[in-house]
Ligand SMILES: [Zn+2]
């Protein structure tokens, strides 16, 4: 079982409290909202994780994720991930027009 820092996604050991790479306190991150966790998962090194995170953020219509999804479409070379991010951006933005 591999454990990752939930901030910088470096590999860490199971009992690590502070990430040796970015010094983030792992227990503090557990207090975060589900959406904040998903936003960070967009940078996960294991390719299926950001894909799932991008899709889930779209399902949740998570407006706060928009800048991160937009950045992803510009920065990522993963075509599947870019597609997922674009479709989630559309879902999130469609909220504004739902009552029209
Ligand atoms: Zn870290």
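The values are calculated or read from the model by the stated rules, or taken from the named source; none is laboratory data. Computed from a predicted model, the values in this text were never measured in an experiment. Heads up, the Cβs are rebuilt from the backbone with ideal geometry, glycines too, and the neighbour counts pull from every protein chain shown.
Numerical summary
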| quantity | calculated |
| --- | --- |
| Residue 27, sole failed condition from (1) under 17 Å from the mean Cα position of the chain (by Cα); (2) more than 12 Å from the ligand (Cβ to nearest atom); (3) at negative phi | (1) |
| Unmet criterion (only one of (1) surrounded by fewer than 16 Cβ atoms within 10 Å (Cβ to Cβ); (2) away from the ligand (no atom under 16 Å from the Cβ); (3) in the same structural domain as residue 85 (by TED's automatic domain parsing)) for residue 37 | (2) |
